[in-house]
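Have a look at the structure below before the remarks.
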Amino acid sequence: MPSSSCLVSAFASQKFEALRDDAIAVWRDYLVAVHRPRRIQRTLSLRLSLARKSLRLLAAGYAHSLALRRDGSIRCWGNNNHGQAPPDGIPGDFVAIAAGIAHSLALRPDGSVAWWGDNENGEAPPDGVEGDFIAIAAGTGHSLALRRDGSIACWGSNEYGEAPPDGVVGDFVMIAGGAAHSLALRRDGSIRCWGNNNHGQAPPDGIPGDFVAIAAGIAHSLALRPDGSVACWGDNDNGEAPPEGVVGDFIAIAAGHSHSLALRRNGNIACWGDNDNGEAPPDGIQGDFVAIAAGYAHSLALRRNGSVAWWGDNAYGQAPAEATLGDALLNWTPFMTEVPDL
């Protein structure tokens, strides 16, 4: 028969093990309750930051392309029939760029906006616009600018209500322009839509959800979720907007005429939709990319070393066979460290 001291020792050992297990369980619950949400929030913040910065670095119009240089000036190439892509570029100190079908715009650090190119519908006022703007976007014949207070200013064609002259009031953090529709991401993650909805690309009631980025094509729309997946709606005739969305660990999105791009966290690019001109290879594009843009039928991607890759239609020199513009283009690191968030 065991001695009383042995029984006490065994009981104490069992008690210790029970207390240890309870402590581990409490610590595990603490890690899940406290550290996991922090990690998720860090991932969300990073994804949101990367998605926004991707929008600033490159821009693709109908048949022209733009890239922001390290010194704040802009390199332009492709169709220049309306002055939207001057071969000598645009000098200045800019922090963001956008391209429509035949016009271009750029955001200065002071919040003002410069325009050049086609102004037939008032989408590109040559004198520019003063304001406290923090983001810009361009549709086919209209332009948008997001103010610091969350409201949106609009210019250009309003045939379908895509650019109301009085602007759009709200608490928005991101904007996107399609052919004749517009999107705005609210601070709560939901999306407001206005303009042409003939393919369901801009539901008047908006899109509920928790999104961190948006993109608008000719007649389709995309939104990036915090988990890295992509929601799609609108025209899907060419597979550019699969209703079930696209699953992946994506950090940025872009929408062209009838194709879509999504930048993966590992630097590769997924493509879907129309590939008649090679703008959306089904196997995607491998590389170390940090930003993407989609034009009518061509695509652009900025490498981490500051060079640009392109593919797709090159009828106007918007996607030349030579695969780099060299170090003159903006490098990712200088942009991240030298251009402040607005």
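Since every read-out is calculated from the coordinates, none of them should be taken as a lab result. The structure displayed is predicted, hence computed values, not measured ones. Quick reminder, even Gly has a Cβ in these numbers, built from the backbone with ideal geometry, and neighbours come from all protein chains shown.
In segment 120-152, what residues are part of a loop (DSSP other than H, G, I, E, B) and of a type in the set (Val, Ile, Thr)?
As a first pass, look at segment 120-152 and keep what is part of a loop (DSSP other than H, G, I, E, B): 120-128, 130-132, 139-141, 148-151.
Scanning segment 120-152 gives a single hit, Thr140.
Mind counting the residues in segment 199-228 that are of a type outside the set (A, V, I, L, M), over 17 Å from His259 (Cα atoms) and in contact with a strand residue (DSSP E or B) (Cβ under 9 Å, 6 or more places away or on another chain)?
So the first thing to find is which residues in segment 199-228 are of a type outside the set (A, V, I, L, M), and the list is 199-201, 203-206, 208-211, 217, 220-221, 225-228.
With over 17 Å from His259 (Cα atoms) added as a condition, the list becomes 203-206, 208-211, 225-228.
Next cut, in contact with a strand residue (DSSP E or B) (Cβ under 9 Å, 6 or more places away or on another chain) only: 203-206, 208-209, 211, 225, 228.
So the count comes out to 9.
I want to confirm something. Restricting to segment 121-171 and keeping residues that are among the aromatic types (Phe, Trp, Tyr) and surrounded by fewer than 23 Cβ atoms within 10 Å (Cβ to Cβ), which single residue is nearest to Tyr296 (Cα to Cα)? It would help to see each step written out before you state the result.
Let us first name the residues in segment 121-171 that are among the aromatic types (Phe, Trp, Tyr), namely 133, 155, 160.
After this cut, where a residue has to be surrounded by fewer than 23 Cβ atoms within 10 Å (Cβ to Cβ) as well, the list is 133, 160.
Details: Phe133: 26, Tyr160: 20 Å.
It comes out as Tyr160.
Count, please, the residues in segment 292-307 that happen to be under 18 Å from Asn79 (Cα atoms) and out of contact with any Phe, Trp or Tyr (no Cβ under 7 Å at 6 or more places or on another chain).
Residues of segment 292-307 under 18 Å from Asn79 (Cα atoms): 293-300.
Those left that are additionally out of contact with any Phe, Trp or Tyr (no Cβ under 7 Å at 6 or more places or on another chain): 293-294, 297.
The number of residues fulfilling the criteria is 3.
Inside segment 185-223, can you point out the residues that are under 15 Å from Thr140 (Cβ atoms), in a strand (DSSP E or B) and of a type in the set (A, V, I, L, M)?
Ala215, Ala216
Within segment 209-239, how many residues are over 16 Å from Val173 (Cβ atoms), more than 16 Å from the chain's Cα centre (by Cα) and of a type outside the set (A, V, I, L, M, F, W, C)?
6
Let me confirm something: among Ile101, Ile90, Ile134, which residue is over 24 Å from Ala180 (Cα atoms) and aliphatic (A, V, I, L, M)?
After ruling out the rest, the residue left standing is Ile90.
Check every one of the strands (runs of 3 or more DSSP E) wholly within segment 235-316 and list those with 1 or more residues that are touching a residue at least 12 places away in the same chain (Cβ under 8 Å) and within 20 Å of Ala138 (Cα to Cα). Before you say what the answer is, go through the steps one by one.
Working: elements: 250-255, 259-264, 269-273, 289-294, 298-303, 308-312.
Because the criterion is at least 1 residues that are touching a residue at least 12 places away in the same chain (Cβ under 8 Å) and within 20 Å of Ala138 (Cα to Cα), the strands (runs of 3 or more DSSP E) in segment 235-316 that meet it are 250-255, 259-264, 289-294, 298-303.
Out of the residues in segment 224-234 that are without any contact (Cβ under 8 Å) to a residue 40 or more places away in the chain and on the phi < 0 side of the Ramachandran plot, state the one that is surrounded by the most Cβ atoms within 10 Å (Cβ to Cβ).
If we filter segment 224-234 for residues that are without any contact (Cβ under 8 Å) to a residue 40 or more places away in the chain, which is where we start, we get 225, 227, 229-234.
From what's left, on the phi < 0 side of the Ramachandran plot: 225, 227, 229-233.
Details: Arg225: 19, Asp227: 15, Ser229: 15, Val230: 23, Ala231: 21, Cys232: 26, Trp233: 21.
Of everything passing the filter in segment 224-234, Cys232 is surrounded by the most Cβ atoms within 10 Å (Cβ to Cβ).
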